[in-house]
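Colleague: Please read through the structure below; I'll follow up with questions.
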Amino acid sequence: MIILLSQDAGPSAVITELKGLGLQVEVLHLGDRTGLYARDPEGQIPADSIARIPGVEQVMSMTPRAPLALATRESGGGRCISIGPARFGGGFVSVIAGPCAIEDAAALESIARLVADAGATVLRGGAFKVRTSPHSFQGGGLEALRELRAASRAVGLPFFTELTDPRQVEQAAELVDGIQIGARHMQNFPLLLEAGRTGKPILLKRHMAADVEEWLLAAEYVLTTGNDQVILCERGLKSGESHVRYLLDVGVVPWLKQRIGLPVIVDPSHAAGDWRLVPALARAAIAAGADGLIVEVHPRPEATRSDALQALPPADFARLMEQVRALAAMDGRQLATATATASAPRASETAGARNTAVGT
Ligand code: PEP
Ligand code: MN
C-alpha cells in the first residue's frame, strides 16, 4: 500500500509505528510530498488501522483494496485449470455450454451432443435453480443432477452445475465434476467453504452488485480451504438500464488477468438476457482476454421454463465457437477441444503457471 503522510509530519515516527506492526517500509518522494510504500507480508493489518496512525493522511491500497493472500498473481502465477479435456488459462480457452435448467432427460443428451460437436469441452445445466420468484420452476434437484451426469458420461464431457446450499454439497459432491456458485450466492460463505472443501473446481460467479474486491474475497473463502481450483466468472452487473439484462463488465477481464492468478471466464447469456446479443458479448469477452465462456444453448427455447429468451440456438452456438477459436488464435491462444488439447500453449502464458489436472 502507499501511505501519504500529512504535510507537517516527518516519516520517522510513522515508519517506526509501521515496522512495529511487522510491515516492510520504503520512503517515497512524491513531488513535494512524502509517502511510504508499505508491504504487509502477512496481510494482517487493515488499511483503516494504518489510516489512524498520527501523521498518516491517506492510505491507498495497490488495488485490490483488501488483503488478498491467495488469489494474487505472485502467489498463483498464471494458473491453468484443467477439467477433463477443458483448459482454462495458460494460453487455453474453453467453453462451457448447455441448457439453463435440466428439464427433460431425453432432450439433455442431444443438447450435450450438439454442444460437444460444436467444440464445447464442459457441459452446464442447473438442477438447483435460483429463481427470483418462488412461483417459477425451481429445478429438478438431485434427480436432475443425476440426469446431467448421465448425459455428461454419454458424450464424454465433464459438467458444472450450481449448488445453492451447503447442505446439498455432501451428496452432490460425489456426482459433480465442478461446482458453480451462482451470482446470488457469491457471498454465501458457508456454501463457499463447503464447496471449497470438496476439492472440486469452483466456478465463482460475480454477484450483480458486487465490486471486484467483494468478488475476490469470496474467492479467497474457497482458497482458504486449500482448494485452488477457482475460476472467476463475470456475468454482468445491475445498471438500471433495460436494453440488456445486466451490464457486462468487459474491462474487469484484462484487469483481473493482470493482477490475479485465477482463470477468468465470462457468461454472455445472463448478461445479455437475449440470444441475439449473446455472440457479440461472447466475442468481446474473448477479445478482452477471457479464458473461456459459459453459454446457455437450447434447440427448442420455446419448450424451456427458464431463461428461454437468452438460449442460443445450436447453429448460432456452432458459429460462435468458430469465432472464439479465431479470436483466441489472434492473441496466440488455443481453443481447448476434446481431442486436441495436448500441444503446448505460448511460452509467456506458461511461465510460473500451475497446471492442475482434475480427474472427472
Ligand atoms: C445460471 O448460470 O444458471 C445462473 C442462474 O446464473 P447467475 O447466477 O449468473 O444468475
Ligand atoms: Mn439461466
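The values are calculated or read from the model by the stated rules, or taken from the named source; none is laboratory data. Computed from a prediction, not measured in an experiment: that's the story for all the values here. Here the Cβ is made from the backbone with ideal geometry for all residues, glycine too, and neighbour counts use every protein chain on show.
Colleague: Could you identify the single residue in Leu327, Leu293, Leu335 that is farther than 27 Å from Asp177 by Cα and either at pLDDT 95 or above or among the hydroxyl-bearing types (Ser, Thr, Tyr) (or both)?
Modeller: Details: Leu293 fails: farther than 27 Å from Asp177 by Cα; Leu335 fails: farther than 27 Å from Asp177 by Cα.
When all the criteria are applied, what remains is Leu327.
Colleague: Still on this model: Can you find, within the range 104-138, the residue that is nearest to Ile260 (Cα to Cα) among those that are in contact with a Lys or Arg (Cβ under 8 Å, 6 or more places away or on another chain) and at pLDDT below 95?
Modeller: Of everything passing the filter in the range 104-138, Val130 is nearest to Ile260 (Cα to Cα).
Colleague: Next up: Consider the range 276-312. How many of its residues are closer than 19 Å to Phe137 by Cβ and among the hydrophobic types (A, V, I, L, M, F, W, C)? Give the steps one after another, and end with the answer.
Modeller: In the first step, residues of the range 276-312 are kept if they are closer than 19 Å to Phe137 by Cβ; the result is 296-311.
Okay, now just the ones that are also among the hydrophobic types (A, V, I, L, M, F, W, C), so 297, 303, 308-309, 311.
Counting residues in the range 276-312 that are closer than 19 Å to Phe137 by Cβ and among the hydrophobic types (A, V, I, L, M, F, W, C) gives 5.
Colleague: OK, next. Within the set of pairs 6 or more residues apart or between chains, which connect a residue that is among the polar types (S, T, N, Q) inside the range 1-28 to a residue that is crowded, with 17+ Cβ neighbours inside 10 Å and in a strand (DSSP E or B) with Cβ atoms less than 8 Å apart?
Modeller: Every condition considered, the pairs that remain are Ser6/Val56; Gln24/Ala38.
Colleague: Of all the helices (runs of 4 or more DSSP H) wholly in the range 162-265, which have at least 2 residues that are closer than 16 Å to Leu70 by Cβ? Quick ask: steps written out before the conclusion?
Modeller: Working: elements: 166-173, 189-197, 212-223, 252-259.
Per the criteria, 189-197, 212-223, 252-259.
Colleague: In the range 1-86, which helices (runs of 4 or more DSSP H) lie fully inside it and hold 2 or more residues that are farther than 21 Å from Arg259 by Cβ and at pLDDT 85 or above?
Modeller: Numbers: elements: 11-20, 47-51, 73-76.
Qualifying helices (runs of 4 or more DSSP H): 11-20, 47-51.
Colleague: Taking into account only those residues within the range 114-147 that are more than 16 Å from ligand 2 (Cβ to nearest atom) and closer than 20 Å to Glu302 by Cα, which is surrounded by the fewest Cβ atoms within 10 Å (Cβ to Cβ)?
Modeller: His135
Colleague: Sticking with this structure for a sec: Pull out all pairs, ordered by first then second residue, where Cβ-Cβ is under 9 Å, the residues are six or more apart or on different chains, the first lies in the range 124-135 and is within 21 Å of Leu312 (Cβ to Cβ), and the second is basic (Lys, Arg) and exposed (fewer than 14 other Cβ atoms within 10 Å of the Cβ).
Modeller: none
Colleague: Which of the residues spanning the range 287-332 are within 16 Å of ligand 2 (Cβ to nearest atom), assigned to a helix (DSSP H, G or I) and of a type in the set (S, T, N, Q)?
Modeller: Of everything in the range 287-332, just one residue is within 16 Å of ligand 2 (Cβ to nearest atom), assigned to a helix (DSSP H, G or I) and of a type in the set (S, T, N, Q), namely Gln310.
Colleague: Kindly provide the set of residues from the range 124-157 that are in a loop (DSSP other than H, G, I, E, B) and more than 16 Å from ligand 1 (Cβ to nearest atom), ordered by number. Break it down into steps so the answer makes sense when it comes.
Modeller: As a first pass, look at the range 124-157 and keep what is in a loop (DSSP other than H, G, I, E, B): 125, 127-140, 156-157.
Hits for the range 124-157 are His135, Gly156, Leu157.
Colleague: Those residues that are small (Gly, Ala, Ser) and within 17 Å of Val295 (Cβ to Cβ), I need them from the range 127-164; list them, please.
Modeller: Matches in the range 127-164: Ala151, Ser152.
Colleague: Moving on. Which pairs have Cβ atoms under 8 Å, sit 6 or more apart or on different chains, and link a residue in the range 258-272 that is farther than 9 Å from Leu248 by Cβ and more than 16 Å from ligand 1 (Cβ to nearest atom) to one that is outside any strand (DSSP E or B) and of a type in the set (Val, Ile, Thr)?
Modeller: Arg259/Thr63
Colleague: Read through the list (1) among the hydrophobic types (A, V, I, L, M, F, W, C); (2) within 16 Å of ligand 1 (Cβ to nearest atom); (3) in contact with a Ser or Thr (Cβ under 9 Å, 6 or more places away or on another chain); (4) in a helix (DSSP H, G or I), then give the number of the only condition that Val115 fails.
Modeller: Here Val115 clears every test but (3).
Colleague: Next question, about the same structure. Within the range 241-254, is even one residue closer than 30 Å to Ala173 by Cβ, surrounded by fewer than 22 Cβ atoms within 10 Å (Cβ to Cβ) and touching a residue at least 24 places away in the same chain (Cβ under 8 Å)?
Modeller: We begin by selecting, within the range 241-254, every residue closer than 30 Å to Ala173 by Cβ; these are 246, 252-253.
Narrowing further to those that are surrounded by fewer than 22 Cβ atoms within 10 Å (Cβ to Cβ): 246, 252.
The next check asks that each one be touching a residue at least 24 places away in the same chain (Cβ under 8 Å); those that pass are 246, 252.
Looking for residues that are closer than 30 Å to Ala173 by Cβ, surrounded by fewer than 22 Cβ atoms within 10 Å (Cβ to Cβ) and touching a residue at least 24 places away in the same chain (Cβ under 8 Å), one finds at least one in the range 241-254, hence yes.
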